[in-house]
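The values are calculated or read from the model by the stated rules, or taken from the named source; none is laboratory data. Note that the structure is predicted; figures quoted are calculated from it, not measured. Using ideal geometry, Cβ is built from the backbone for each residue, glycine included, and neighbour counts are taken over all protein chains shown.
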Amino acid sequence: MTVAETSLQAFKQKQRDGSLSQDQETIYKLVDKEGPITCKEAARMLRRTPNQISGRFTELLDKNLIQITGHRDGHRLYEVKKQ
């Protein structure tokens, strides 16, 4: 099984057991598709403010689904965590 497959399995399990909100799923999918990405870039893509979504990044970090992989223009870069 590849790293991407195990990461996807972890995400799908979180979906099934109800431990991800709709907003968390949206952010996770965006980070998976566009990452590495900053919160500011994600907010722009979702037509929201960084303050509206930054908490979801923190929650996904706490759930060990995404990770910080660096910085761009003074902002953290996020990617889906390879498990």
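How do the helices (runs of 4 or more DSSP H) wholly within the chain filter down when requiring 3 or more residues that are at pLDDT 95 or above: which remain?
On the way: elements: 3-16, 22-34, 39-46, 50-62.
Per the criteria, 22-34, 39-46, 50-62.
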Which of the residues that make up segment 31-60 are under 19 Å from Gln9 (Cβ atoms) and either surrounded by 18 or more Cβ atoms within 10 Å (Cβ to Cβ) or in contact with a strand residue (DSSP E or B) (Cβ under 8 Å, 6 or more places away or on another chain) (or both)?
Val31, Asp32, Gly35, Leu60
